[in-house]
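One structure is given here, and the rest of the page talks about it.
The values are calculated or read from the model by the stated rules, or taken from the named source; none is laboratory data. Since the model is a prediction, treat every value here as computed from it, not as a measurement. Positions of Cβ are generated from backbone atoms using ideal geometry, with glycine treated the same way; all protein chains shown enter the neighbour counts.
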Amino acid sequence: MARRLSQSVPAGPLHSVLYMPASNRRALEKARSLKADAIILDLEDAVAPAMKAAARGAIREALGPDGLLSGLRVVLRINGLDTDFGADDVAALTYAPRWPDAVLVPKVSSPDDLARVGAAMRRAGAPGDLALWAMIETPAAILNLRDIVSAAPETGLACLVVGANDIAKETRMRVSPGRAALVPLLSSIVVAARAHGLAVLDAVYNAIGDADGFAAECAQGRDLGFDGKTLIHPSQIAAAKAAFAPSADEIAEAEAIVAAFALPENARAGAISLDGRMVERLHLAIAEQILESR
């Protein structure tokens, strides 16, 4: 039976979350040197049907105590349980040395999709605190966002991940630079996540060689309120971290606000004057969020 081994995996921010095909050993061997905030070990889209079985064997090796991904935050994207591969993906985890830190469920369209995966994981011996992440990539998911996030306490949902390529395909949207057509949907996903205290990650950027376009989309994602961005290539990690991490000025201002409210004379104050402007406890909460996201 699989069991979670104790390890010092930092909780930290999710500014850069890199997809890696479970079938690509060469890529996995480089994972620890890349410094991504998390790795999504992919059994779904990135793995051809003929390679699925070999990829399941690879995850058992990668998740070992001395495996290729030891010491990293690892999320496993399985195939849907309605496919020919999902049940075997879950079964493979039964024999892994440890469970991943979360399981990413593709094409979630309702809370029932997550409940079915959670039940399958428990039958396979998953720990009770195993988190589920949900790919939001179908029109039904957008329509059912309120139900999906409201059920988080029961399903173990911890994070929403945008699948913009699938959304565009299913809705027939034409996505151009700037993603104007997608912005309303992206904002609705962020709002749904925040309403229930969930993390939320922006979609991948497909043009690996377009550094300027990637930087612009990262900036847009941060302005929309995302925690970070999912990535398809290691070359995108540094830019994602730079975009989503608070700047030195933001950190300095946040530290000043926290320090000011920590003074004994301000312990009960609802608002204080700081550097010539009024600062409320709302700003203190924002400052604490900024410092937590470093």
From the option list 245, 215, single residue qualifying as modelled with pLDDT under 95, under 19 Å from residue 35 (Cα atoms) and surrounded by fewer than 22 Cβ atoms within 10 Å (Cβ to Cβ) is 245
Subset of the range 74-102, residues part of a loop (DSSP other than H, G, I, E, B), in contact (Cβ under 8 Å) with a residue 60 or more places away in the chain and of a type outside the set (Phe, Trp, Tyr), comes to 94, 96, 97, 98, 101
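What are the residues in the range 60-99 that are of a type in the set (Asp, Glu) and either surrounded by 17 or more Cβ atoms within 10 Å (Cβ to Cβ) or modelled with pLDDT of 90 or more (or both), if any?
82, 84, 88, 89
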Exactly one of 28, 14, 41, 68 is in a loop (DSSP other than H, G, I, E, B) and either within 22 Å of residue 94 (Cβ to Cβ) or of a type in the set (Gly, Ala, Ser) (or both), and that residue is 68
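For residues in the range 205-237 being assigned to a helix (DSSP H, G or I) and free of Cβ contacts under 8 Å to residues at least 12 places away in the same chain, which is nearest to residue 187 (Cα to Cα)?
If we filter the range 205-237 for residues that are assigned to a helix (DSSP H, G or I), which is where we start, we get 211-224, 234-237.
Within this subset, residues satisfying the condition of being free of Cβ contacts under 8 Å to residues at least 12 places away in the same chain are 212, 223.
Numbers: 212: 23, 223: 10 Å.
Top of the filtered list is 223.
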Taking the range 66-120 and keeping residues within 26 Å of residue 16 (Cβ to Cβ) and among the polar types (S, T, N, Q) leaves 70, 79
When the range 106-138 is checked residue by residue, the ones that are touching a Ser or Thr at 6+ places or on another chain (Cβ under 8 Å), more than 30 Å from residue 187 (Cβ to Cβ) and without any contact (Cβ under 8 Å) to a residue 60 or more places away in the chain are none
